[in-house]
Amino acid sequence: MAYPAWFYLPAAVVYGVLFIAPTFASFYFSLTRWSLFDQEFIGFGNFVQFFQEPALVTGLTNTLIYGPITSVAKVVLGLLLALLLTSQIQGRGWLRSVVFFPVLVSTIGVGIMFQALMDPRDGAINRMLGVVGINGPGWLTNPDLALYSVALVDVWKGVGLATVIYIAGLVSIPREYIEAAAVDGASAWQRFWHVTVPLVRPATNTVIILSLIGGLRTFDLIWAMTRGGPGFTSDVIASVIYKQYQAGFYGLSTAGNVVLFVIVSAIVVPLAWWLNRRQVEY
Amino acid sequence: MTLRPTTGHRLLAVAALTPLVVLAGCGGDSDPEGAGSGEEVTEEVDVSFLVSNSESEVQTAEALAEAFNEEHPNITVTIETRPGGSEGDNIVKTRLATGDMTDIFLYNSGSLLQALNPEQTLTPLGDQEFAGRLDDAFVQSASSGDNLYGVPWRTAMGGGILYHIPTYEELGLEIPLTWEEFMENNRVIAEETDKAPVIQTYEETWTSQLFVLADFHNVLAEEPDFAEQYTANEAKYATSDAAIRGFEHLEQVHEEGLQNEDFASAGYADGVRMVATGEGVHYPMITQAIGEITANHPEQANDVGFFAQPGDDPDSNGLTVWSPHAVYLPQSTEGADRDAALMFMDFVASPAGCEAQTEALGQPSGPFAVEGCTLPDDVPQAVKDMQIYFDEGRTSPALEFLSPVKGPALEQITVEVGSGIRSAEDGAALYDEDVRKQAQQLGLEGW
């Protein structure tokens, strides 16, 4: 039995007012010089300006470094942790909660905590390195290192979610395949590479897509830890946009968001299609 | 770019949000005396007042509200706080645009005021009686078009170098009148002591801008019409020999290794501590830091002196000055609230108001912009040092009070130049690029 079409109305109104309308309004405002008090239509001026933004090249490069490395690290570490946590080890349930725990903590809280831990002189990390005679680097103040330090914390915080997705993927693989391979004389490595990895691919795809989207539009952790600094050296696109918004360039930052939307879609949509096509069906 | 400390004393902010005790007292039939500029207000009125959450700002606002309430028991001023820095700018702009602003609010004068569209959002005050009591330089920086929009908050500030007097005495150093002499002093300090010659605190990025901003007196000495040309898109930092000097100073100090070792991770409070205790000898800063020194290091308050940032020519040595912030009245405040707010503003711009502010702060950090307000006799050494420049007329306003053009990214650029990530030339050129956006947003001619 089909419900009458007007049953959709309440949901459509909510969706329209809260999602569709702002989205189209932002497309419009991205074409204006907008000070909140008044706006002036300037065509594609904001987009031209945005692409001339000196910090944009750094931001774009950093985004394209940050997204993939955090994504790959989460895939590899998540899979390894999941293998460990699905094997017969002691305290498995407890360890699973420990690995997942950082996911539950507020990102800003994590950022501020690691900012303190990574302080070059008084931070716990460099103090510990000092005990064994290593002169620790300025994790967040060295321009060559700052972005990677933040990425490291991002992985620490996000790997728990990847692990949980992988655990679900691993336990759904029927034991028979692995036992059959073992009977055929496959080594542990061969069983892992030729049986487990292909069969866990749906989980891998989910982890890649989720972490890549998260990495490409990352903002909160970077802002809490370095504010894009020192200087502009750890700026990503989202922090460049946020700074424009803070400076009161509302039209310009809206244009930046449209660009970010396009970039994320341009990377993620084809990737999702490609990953799903390669999914193996046994 | 503008200097705004963003001390995040959250607890204090929460405490400040707690409404002040309402001294209902004699209530509606009171007949407050004093020079109210609007209509006299006799009913119970509550005036909300938005300030930033920095400790000293909240303290001052509370002291003013209390002193005012004693004179006008029917009017209660309630303090609200907002974050400092760009985050706070955003809140002010958004609340003004939506007509949701408090009855009065505190904000920068100069170029940041222009970004608020005062003609459309604020009430002009030029016809008020208190307008006649204000210092001309302040009136200029709190005006847009021909209209005055604010009354001065606290005092004017100087931008220059705070220095540790005992170290100077120990090494027999002289106050430098040129940049070369300044660098010579730095080299002597580096050789003879293990103190940091120049303190830099890039954890709080706004503190990195001083060498550039406080050099403006020297820029004007060489190019008197720099500000006008700058506004008209004709003069640039990168191509003006005088203006690029500030960026070069910053670069030179880093290249010669004269900064404190932890310059990248130290913050404003560290810098203040270092110059007060003599861990470092020179701290380029605005004089509001004197208030922090007297509050947090009272024993060392007279160990810290102050001199203007030296330029090339000893004869034109002088100080770059920041106008006081101001209290503004948005157009959305009407009726009795508006009249009560005007009475409060009249009080802020009066000798009694100055006194209340001085009491709250411990020490003023520069001269007041209100006629009849005087500094107490026992000001700390650094304030006396600064007063000399005012008395001798050797001052110039900072660029942000002469031109509405300023870029939002100067503090990141100066961090890069001061950390050796970017060259001085490159930094100056990047800043020229950065200001273009602001000029276009303001709709200035020639951009």
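Rule-based calculations on the coordinates, nothing more; no lab input. What you are looking at is a predicted structure, and each value in this text was computed from that prediction instead of being measured. Cβ: placed from backbone, ideal geometry, glycine included. Neighbour counts: every protein chain shown.
For the reader, a short list of remarks on this structure follows.
- Counting other Cβ atoms within 10 Å as a rough exposure proxy, the listed residues A:Tyr15, A:Tyr177 run A:Tyr15, A:Tyr177 from fewest neighbours to most.
- Under-5 Å amide H pairs with B:Leu148, H placed in peptide plane, nonlocal only: B:Leu125, B:Gly126
- Legend: calculated FRET efficiency, B:Asn233 to A:Tyr28, from the Cβ-Cβ distance at R0 = 35 Å, rounded to 0.05, equals 0.75.
- Averaged over residues, the count of other Cβ atoms within 10 Å places the peptides A:186-198, B:149-161 in the sequence B:149-161, A:186-198, highest first.
- Simple spin-label estimate for B:Ser423 and A:Ser265 gives 4.2 nm between the two label positions (7 Å along the Cα-to-Cβ direction from each Cα).
- Förster-model FRET efficiency, 56 Å R0, A:Val14 and A:Arg127, C-beta, rounded to 0.05: 0.60
- Separation between Cα centres of the range A:111-132 and the range B:213-254, rounded to whole Å: 40 Å
- ³J(HN,Hα) computed for each position of the range A:124-130 - Karplus, 6.51 cos²θ - 1.76 cosθ + 1.60, integer Hz, glycine/proline x: 4, 5, 6, 4, 5, 4, x
- Span from the the range B:141-162 Cα centroid across to the the range A:42-73 one, whole angstrom: 38 Å
- Here the sum of -39500 (n - 2.57) over DSSP H runs of 4 or more residues, divided by the residues of the protein assembly as shown, equals -15500 deg cm²/dmol at 222 nm, to the nearest 500.
- Note that the range B:372-388 has calculated 3J(HN,Hα) couplings of x, 8, 10, 7, x, 6, 9, 5, x, 3, 4, 5, 4, 4, 6, 4, 4 Hz, one per residue in order, obtained from phi through the Karplus relation 6.51 cos²θ - 1.76 cosθ + 1.60 (θ = phi - 60°); glycine and proline are x.
- The alpha-carbon of A:Lys157 sits under 30 angstrom from the alpha-carbons of these lysines, leaving out residues fewer than 8 places away in its chain: A:Lys74, A:Lys243.
- Once the C-beta distance of A:Trp189 and A:Ser97 is scaled by a Förster radius of 30 Å, the resulting FRET efficiency is 0.50 to the nearest 0.05.
- Rg to Rh, two decimals, where the protein assembly as shown supplies the alpha carbon set and Rh follows Kirkwood: 1.03
- Inter-centroid distance (Cα atoms) of the range A:253-278 relative to the range B:77-118, Å: 37 Å
- Converting phi to 3J(HN,Hα) with the Karplus coefficients 6.51, -1.76 and 1.60 and the offset θ = phi - 60°, the range B:436-445 yields 4, 4, 5, 4, 5, 4, 7, x, 6, 5 Hz in sequence order, with x at every glycine or proline.
- Residue with peak Gaussian network fluctuation, chain B [Cα springs, cutoff 10 Å], from B:Arg273, B:Arg394, B:Arg95: B:Arg95
- When the pairs B:Lys93/B:Lys236; B:Lys195/B:Lys236; B:Lys236/B:Lys437 are compared against a 26 Å limit on Cα-Cα distance, B:Lys93/B:Lys236; B:Lys195/B:Lys236 fall above it.
- By the rule of a C-alpha distance below 13 Å, with chain neighbours fewer than 8 residues away ignored, the aspartates and glutamates paired with B:Lys384 are B:Asp303, B:Glu392.
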